[in-house]
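Asker: Please find one structure pasted underneath; my questions will follow.
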Amino acid sequence: MKAIIYESNTGHAEHYAKALAEKLGLPCYDIKSAKKSVPKGERVIFIGWVFASQIMGCRKAAKRWNVAAVGAVGLFPDVKANNDILIEKNKLTVPMYYLRGGVDFDRLKGLQKKMLKMVHDDMLRSD
């Protein structure tokens with residue numbers, strides 16, 4: 001393995017990527033920096049955030065590097081049904097590990113922020 005590469009929206013995927021990189025003694029790059037630092041075809045681990053069953057940045061990473069495993073950081077529980085959907089929607093043929101994320105409304109932008117805020121507010125009303 002040559003590196004850990006991640007795409008993060010609110011910092012959770014970045015946190016996991018850096019922790020794993022430290023544990024394994026590998027360099028860690030966000031996907032933009034990795035394009036300059038990690039040669040094409042290198043064997044990497046990719047960690048990305050989940051939005052609408054898509055592991056963001058995963059397809060880009062798979063086109064450029066030899067992705068050996070994927071970490072999917074999302075809000076849903078780590079259950080087989082959710083994992084199966086992620087594997088199918090992202091056409092994964094490598095091991096996928098689901099990592100529980102969170103929401104930081106201050107770091108969200110635009111439509112994502114509005115949508116998640118509506119869901120959040122609706123959940124609070126139904127309690």
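Asker: Restricting attention to segment 36-55, and to residues there that are under 20 Å from Tyr97 (Cβ atoms) and among the small types (Gly, Ala, Ser), which single residue is least open to solvent (accessible area, probe 1.4 Å)?
Answerer: Once the filter is applied, the top-ranked residue is Gly48.
Asker: Can I ask one more? For the structure I just gave you, tell me whether Gly102 is touching a strand residue (DSSP E or B) at 6+ places or on another chain (Cβ under 7 Å) and open to solvent by less than 40 Å² (accessible area, probe 1.4 Å).
Answerer: no
Asker: All but one of (1) out of contact with any Asp or Glu (no Cβ under 7 Å at 6 or more places or on another chain); (2) buried (at least 21 other Cβ atoms within 10 Å of the Cβ) hold for Ser33; which doesn't?
Answerer: (2)
Asker: Does any residue of segment 21-28 turn out to be surrounded by fewer than 20 Cβ atoms within 10 Å (Cβ to Cβ), acidic (Asp, Glu) and more than 12 Å from the chain's Cα centre (by Cα)?
Answerer: Within segment 21-28, one or more residues are surrounded by fewer than 20 Cβ atoms within 10 Å (Cβ to Cβ), acidic (Asp, Glu) and more than 12 Å from the chain's Cα centre (by Cα).
The values are calculated or read from the model by the stated rules, or taken from the named source; none is laboratory data. Everything numeric here is computed off the predicted structure, so don't read it as measured data. Cβ atoms come from the backbone with ideal geometry, glycine included; neighbour counts cover every protein chain shown. With ligands, DNA and RNA removed, areas are computed over all heavy atoms of the protein, side chains included. Shrake-Rupley method; radii C 1.70, N 1.55, O 1.52, S 1.80 Å.
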